[in-house]
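So the structure is just underneath, and the comments pick up after that.
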Amino acid sequence: QVQLVESGGGLVQAGGSLRLSCAASGNIFGINVMGWYRQAPGNQRELVATITSGGRLNYADSVKGRFTISRDNAKNSVYLQMNSLKPEDTAVYYCNLHLTLRSASFEYDYWGQGTQVTVSS
């Protein structure tokens, strides 16, 4: 079993910053992609940013230039630095680990419990 534990969420004023952290525990074998997703009330869960084990980055257009994703492969951890926050960024943020085991034709998504980020105007 893989467990993802998040920290760093909270309340911040517009224009402020927050840093989210997520650490994966358990026996992880194979190639993985880690990332962040978010879900606001009345909306579907959407991709925020992802990063491969090799460091390839992908950002949603709405956060480009404001958010930065990074990871520590040795610790199986992923981070999201959020700057210039807007009220529209208010959502529950979920850490994600996408695991691929080619020898078993296996792919699976693991999710954190979610952490609330609230940006006040």
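If N43 satisfies every condition in (1) surrounded by fewer than 19 Cβ atoms within 10 Å (Cβ to Cβ); (2) within 14 Å of H98 (Cα to Cα) but one, which is the exception?
(2)
Restricting attention to segment 46-74, and to residues there that are open to solvent by 40 Å² or more (accessible area, probe 1.4 Å) and of a type in the set (A, V, I, L, M, F, W, C), which single residue is farthest from V12 (Cα to Cα)?
Ranking the candidates gives A74 first.
Just checking, which of K64, K86, K75 is out of contact with any Ser or Thr (no Cβ under 8 Å at 6 or more places or on another chain) and without any contact (Cβ under 8 Å) to a residue 12 or more places away in the chain?
Just one listed residue meets the conditions, K64.
Show me the strands (runs of 3 or more DSSP E) found entirely inside segment 56-121 where at least 1 residues are out of contact with any Phe, Trp or Tyr (no Cβ under 7 Å at 6 or more places or on another chain) and of a type in the set (D, E, K, R).
Here the list reads 67-72, 106-111.
What are the residues in segment 3-21 that are of a type in the set (A, V, I, L, M), surrounded by fewer than 16 Cβ atoms within 10 Å (Cβ to Cβ) and over 13 Å from the mean Cα position of the chain (by Cα), if any?
L11, A14
Can you tell me which residue in segment 80-115 is modelled with the highest pLDDT, limited to those that are within 14 Å of the chain's Cα centre (by Cα) and among the charged types (D, E, K, R)?
The selected residue is D89.
Taking A24 as the residue in question, decide whether it is at pLDDT 95 or above, buried (at least 19 other Cβ atoms within 10 Å of the Cβ) and under 17 Å from D109 (Cβ atoms).
Considered against the rule, which asks whether it is at pLDDT 95 or above, buried (at least 19 other Cβ atoms within 10 Å of the Cβ) and under 17 Å from D109 (Cβ atoms), A24 comes out as no.
Can you name the number of the only condition in (1) of a type outside the set (V, I, T); (2) open to solvent by less than 20 Å² (accessible area, probe 1.4 Å); (3) more than 23 Å from S120 (Cα to Cα) that G30 fails?
Condition (2) is where G30 drops out.
Taking S77 as meeting all but one of (1) under 24 Å from G15 (Cβ atoms); (2) modelled with pLDDT under 95; (3) of a type outside the set (K, R), write down the number of the exception.
S77 satisfies every listed condition except (1).
The values are calculated or read from the model by the stated rules, or taken from the named source; none is laboratory data. Just so it is clear, the structure is predicted and the values come from calculations on it, not from any experiment. For neighbour counting, all protein chains shown are included, and Cβ atoms are generated from backbone atoms with ideal geometry for every residue, glycine included. Note: areas computed on protein heavy atoms with side chains; ligands, DNA, RNA excluded. Shrake-Rupley method; radii C 1.70, N 1.55, O 1.52, S 1.80 Å.
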